[in-house]
Amino acid sequence: MLEVNKETFEAEVLKAAGAVAVDWWSPQCEPCKELLPEVEAMAAKYGAAIKFCKVNVIENRRLALGNKVLGLPTFLFFKDGQKVAELAGPEACTPEAIEAELKKLA
Amino acid sequence: MADLHNQNPAAAPYDLIVIGGGPAGMTAAIYGARAKMRTLLIEKAKHGGQAATTEEVENWPGSGKTTGPELMQQFRKHVEHLGVDMIKEDVVRVDLQGEIKVIETRKGNRLEGRAVIVAPGAHPRTLGVKGEGPLRGKGVSYCATCDADFFTELDVVVVGSGDAAVEEAIYLTKFCESVTMIVLHPEGTMDANRASQERAYANPKIKYVWQSVIEEIKGDGIVESVVLKHLGTGERSEMPTNGVFVFIGTVPNTEFLQGSGLALNPQGYIVADPETMATNLDGVFAAGDVRVKWLRQIVTAASDGAIAACAAEKYLAEEEHLRHEVLEPKEPVLAVFWSPASRQSLDVLAWAEQANTAAGGCFKLARIDLYKSGRLAQRYGVRQVPSVLLFIHGEVVDRLEGNFDDFTHWITERTVCDCQVGR
């Protein structure tokens with residue numbers, strides 16, 4: 001997974017052609033850390049069709065707020081730079097729900 | 001981690017399956033493994049459950065001041081060290097009624113165990129007000145450790161006044177400009193323990209709105225304000241805020257148990273015997289926040305787990321004893337339900353032995369201590385000691401209780417035919 005930050009977000013996500021999934025996380029977020037192995041497995045599976053990025057919100061607080069990310073874990077899904085779907089909060093961000101969005105996106 | 005896909009499908013059932021990897025489930029697994037039970041621990045997400053998202057833990061004996069994630073990591077290492085099989089799966093269906101309990105997971109695995117400890121915990125209760133759902137993860141949060149960072153130098157409200165609400169409010173003051181507690185009760189009354197209340201009152205960043213509830217959370221994309229209603233005057237007011245943290249108790253994770261036959265109370269908590277953690281179903285025990293109990297803490301969850309595992313071990317030993325001594329023998333079995341407290345039952349034991357010798361030893365005698373095996377007595381409808389049940393090939397074919405004056409005759413009468421049946 002590609003680590004992006006406030007400097008690279010625009011180029012890697014908003015200006016990227018095709019499908020991008022962005023995993024917003026922080027080192028304090030236990031549910032985020034628990035999801036990571038499953039997300040990495042999905043990145044390996046869908047890697048050719050979907051670009052996977054992650055953002056550490058602690059170092060990119062403004063970027064998070066700018067994307068209206070105010071709770072963790074959050075997943076945003078982009079197509080050609082446009083946000084097309086979102087999962088926010090630990091109840092919403094189940095591996096099944098994430099994979100369902102990826103299938104729609106791929 | 002156990003690789004279930006490589007497991008032989010004909011493998012023997014586990015002795016013990018623990019559903020839920022919070023403090024209760026992990027302690028049950030530790031006690032299970034130490035009692036040499038073949039133990040499987042199923043956790044759907046993060047080991048530690050709710051404790052893993054609690055920042056400050058100051059009441060776990062011996063640890064002084066620690067954090068939930070750190071303590072739960074230690075629990076987990078302890079479980080791993082003892083060789084417990086652990087899988088990350090979500091249980092969707094259970095069949096707990098039979099002698100072999102069947103657990104089905106979302107990924108389609110079918111797991112079998114002889115005893116089950118149900119410890120799935122609970123999750124935060126939601127307010128159920130307008131705006132809460134759409135703004136979840138957009139300023140509405142149920143996890144301070146997850147989301148506190150977003151609110152650095154911002155203003156938030158905390159709903160609730162119990163231990164969790166007060167402790168998380170104190171934690172949030174490390175980040176936020178102000179934390180306003182919305183409390184149901186009149187001024188000066190909170191549900192939290194006294195020590196936490198005093199720390200909150202001494203914290204200059206914490207403010208209070210008393211005797212009020214949130215009626216609506218407003219915001220375009222992110223939380224902007226809450227509508228408050230004063231319970232005394234009925235007056236409504238709108239208060240600007242950047243975040244709403246909700247700590248108003250929990251809801252048990254028992255949806256997957258609906259229809260399983262396991263007794264739940266109207267709120268969905270499991271009703272279990274507080275002495276032994278036994279549920280209404282044989283071989284099924286409950287532990288931790290999921291059961292009806294008075295105090296929900298890491299330490300009481302761990303206590304439940306220890307008791308449940310020991311009770312499960314005792315249950316398995318009894319079942320094994322029953323199978324070996326009563327149900328599986330080829331010859332007819334005279335099962336004497338006795339108790340050390342009943343003089344008459346000691347006589348009956350002696351008479352049974354003599355009568356059996358006189359009958360050429362054609363019976364097998366089984367002694368069942370009613371005091372130790374109350375559950376077995378209940379299963380076979382034994383209400384008094386002494387009672388004698390005659391089993392053939394695992395089935396009760398006759399019983400004698402109350403009057404034992406003709407006991408020897410009763411045995412002699414059954415000797416010829418039953419021995420023939422038995423052989």
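Placing +1 on each Lys and Arg Cβ and -1 on each Asp and Glu Cβ, with no other charges, gives region B:241-308 a dipole about its Cα centre of roughly 200 debye. According to the Kirkwood relation over distinct C-alpha pairs, the hydrodynamic radius of chain B is 24.9 Å. You can think of it this way: the chain between B:Q378 and B:H409 has 8.5 nm of extra reach, that is 0.36 nm per residue less the Cα-Cα gap. Can you find, among B:A144, B:G219, A:F9, the residue farthest towards the positive end of the dipole of the protein assembly as shown? Put +1 on the C-beta of Lys and Arg, -1 on that of Asp and Glu. Positive-most Cα among the choices belongs to A:F9. Of interest is the spacing of the C-alpha centroids, which for region B:101-118 and region A:1-42 amounts to 34 Å.
Peptide A:89-102 shows a mean partner chain C-beta count of 3 within 10 Å per residue C-beta.
Would you order B:V226, B:V84 from fewest to most other beta-carbon atoms within 10 Å of each residue's own beta-carbon?
Starting with the residue having the fewest Cβ neighbours, the order is B:V84, B:V226.
By the Cα gyration tensor, region B:329-422 has an equivalent ellipsoid whose semi-axes, rounded to whole angstrom, run 20, 15, 11 from largest to smallest.
On full extension, the segment bounded by B:Q211 and B:Y371 gains 52.4 nm, given 0.36 nm per residue less the C-alpha separation. Could you tell me which of the pairs A:K6/B:K44; A:K103/B:K138; B:K207/B:K229 are separated by over 23 angstrom between their Cα atoms in the structure shown? Listed pairs above 23 Å: A:K6/B:K44; A:K103/B:K138.
Of all lysines in the structure, the ones whose alpha carbon falls short of 20 Å from that of B:K205, not counting any fewer than 8 places away in one chain, are B:K174.
Start at zero, step by 10 Å, and the Cα-Cα distances of region B:140-246 spread as 16, 50, 31, 3 percent across the bins. Net charge within 13 Å of A:T94 by Cβ-Cβ distance, Lys/Arg positive one each and Asp/Glu negative one each, not counting A:T94 itself? Local charge sum for A:T94: -3. Of interest is the spacing of the C-alpha centroids, which for region A:50-102 and region B:299-316 amounts to 41 Å.
Here the label points at B:N59 and A:E7, each 7 Å from Cα along the C-beta direction, are separated by 4.8 nm in the simple model.
For B:Q258 and A:E38, what is the calculated FRET efficiency with R₀ set at 22 Å and r taken between the beta-carbons, to the nearest 0.05?
Efficiency at R0 = 22 Å is approximately 0.25.
With a 10 Å cut-off between alpha carbons and a GNM built on chain B, which of B:R114, B:R34, B:R194 moves the most? Maximum among the listed residues: B:R194.
Measuring r between the beta carbons of B:D90 and A:K104 and using R0 = 22 Å, the FRET efficiency lands at 0.50.
Between beta-carbons, use under 14 Å as the cut-off and find the net charge around B:A192, counting Lys and Arg +1, Asp and Glu -1.
Once all neighbours under 14 Å are counted, the net charge is -4.
Fewest Cβ neighbours within 10 Å first, please rank B:V129, B:V336, B:V79, B:V299 accordingly. If I rank by nearby Cβ atoms, fewest first, I get B:V299, B:V129, B:V336, B:V79. Rounded to the nearest Hz, the phi-derived 3J(HN,Hα) couplings of region B:255-260 under the Karplus curve 6.51 cos²θ - 1.76 cosθ + 1.60 (θ = phi - 60°) are 4, 5, 9, 4, x, 7, where x marks glycine and proline. Here the relative contact order of region B:140-246, from alpha carbon pairs under 8 Å that lie six or more residues apart, stands at 30 percent. Per the Kirkwood formula applied to alpha carbons, region A:2-105 shows a radius of gyration over Rh ratio, Rg over Rh, of 0.92.
Scan region B:281-321 for chymotrypsin sites (Phe, Trp or Tyr not before Pro) in coil per DSSP, keeping those whose Cβ has at most 14 other Cβ atoms within 10 Å, and list them by number. Answer in residue order: B:W294. For chain B, a Gaussian network of Cα nodes joined below 10 Å ranks B:E235, B:E99, B:E216 by mean-square fluctuation, and the top entry is B:E235.
Rg over Rh for the protein assembly as shown works out to 1.11, both radii taken from alpha-carbon positions and Rh defined as the Kirkwood radius. Charges were assigned to the Cβ only: +1 to each Lys and Arg, -1 to each Asp and Glu. The resulting dipole of the protein assembly as shown about its Cα centre is roughly 420 debye. Calculate the FRET efficiency for B:T276 and B:H185 from the Cβ-Cβ distance with a Förster distance of 51 Å, rounded to the nearest 0.05. Between B:T276 and B:H185 the formula returns 0.90. Contact order normalised by length for chain B, with contacts defined as Cα pairs under 8 Å and 6 or more residues apart; what percent is it? Relative contact order, chain B: 15 percent.
For chain B, with a Gaussian network of springs between Cα atoms less than 10 Å apart, report the residue from B:A309, B:A350, B:A286 with the top mean-square fluctuation. Highest fluctuation among the options: B:A350.
Throughout, read-outs are computed from the coordinates displayed, never taken from laboratory work. Not measured: the values here are computed from a predicted model. Counting neighbours? That spans all protein chains shown, and the Cβs are built from the backbone with ideal geometry, glycine included.
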